[in-house]
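The values are calculated or read from the model by the stated rules, or taken from the named source; none is laboratory data. Please read these numbers as outputs of a predicted model, since none were measured by experiment. Ideal geometry is used to build each Cβ from the backbone, glycine not excepted, and the neighbour counts take in all protein chains shown. For accessibility, only protein heavy atoms count, side chains too; no ligands or nucleic acids. Shrake-Rupley method; radii C 1.70, N 1.55, O 1.52, S 1.80 Å.
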Amino acid sequence: QVQLVESGGGLVQAGGSLRLSCAASGSIFSINNMAWYRQAPGKQRELVALIYSLGPTNYADSVKGRFTISGDNAKNTVYLQMNNLKPEDTAVYYCKAALYTTPSRPLYRYWGQGTQVTVSS
């Protein structure tokens, strides 16, 4: 059993900042990558940022230069620092972890419950 617990969402004015956190716990052998996705009303879920355990990162074009993903391998935790927020960043943000629960089991993806981020204009 693996749990992902997100925190840090909220309401902020345009131009403001928020920091999201996601901690993974439970039966974890090793984590391949962790990521943040978001889903706005009426839209499909989209990748925001991803970080591999060895450090490489990927970002959606819409957030490059404004968002920074980082991780703490010792704590199985990923962070998303969001600066210069825009109303179009309003969405439910979901944490995802791709990990192995044992050496013999395949990679599996787990999702958090989501945290609301609302940016007012």
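With respect to Asn58, determine if the residue is at pLDDT 95 or above, out of contact with any Phe, Trp or Tyr (no Cβ under 6 Å at 6 or more places or on another chain), at negative phi and open to solvent by 60 Å² or more (accessible area, probe 1.4 Å). Spelling it out, Asn58 is indeed at pLDDT 95 or above, out of contact with any Phe, Trp or Tyr (no Cβ under 6 Å at 6 or more places or on another chain), at negative phi and open to solvent by 60 Å² or more (accessible area, probe 1.4 Å). Considering the range 1-55, the qualifying strands (runs of 3 or more DSSP E), each wholly inside and each with 2 or more residues that are open to solvent by 20 Å² or more (accessible area, probe 1.4 Å) and farther than 15 Å from Lys96 by Cβ, run over 10-13, 18-26. Given the condition farther than 17 Å from Thr90 by Cα and among the aromatic types (Phe, Trp, Tyr), answer yes or no: does some residue in the range 32-51 qualify? No, the range 32-51 contains no residue that is farther than 17 Å from Thr90 by Cα and among the aromatic types (Phe, Trp, Tyr).
What about Lys96, is it at pLDDT 95 or above, out of contact with any Ser or Thr (no Cβ under 6 Å at 6 or more places or on another chain) and open to solvent by 40 Å² or more (accessible area, probe 1.4 Å)? So Lys96 fails the test.
Taking the condition at negative phi and at pLDDT below 95, does Pro103 pass? Criteria met by Pro103. So, in the range 99-109, how many residues would count as being part of a strand (DSSP E or B) and either under 16 Å from Ser62 (Cβ atoms) or open to solvent by 10 Å² or more (accessible area, probe 1.4 Å) (or both)? Total satisfying the criteria: 3. Residues that are open to solvent by 10 Å² or more (accessible area, probe 1.4 Å) and of a type in the set (Ser, Thr, Tyr) within the range 77-93 comprise Thr77, Tyr79, Thr90, listed in sequence order.
Only one of the listed residues (Ala91, Ala35) is more than 13 Å from Leu4 (Cβ to Cβ) and either of a type outside the set (Gly, Ala, Ser) or in contact with a strand residue (DSSP E or B) (Cβ under 9 Å, 6 or more places away or on another chain) (or both). That residue is Ala91.
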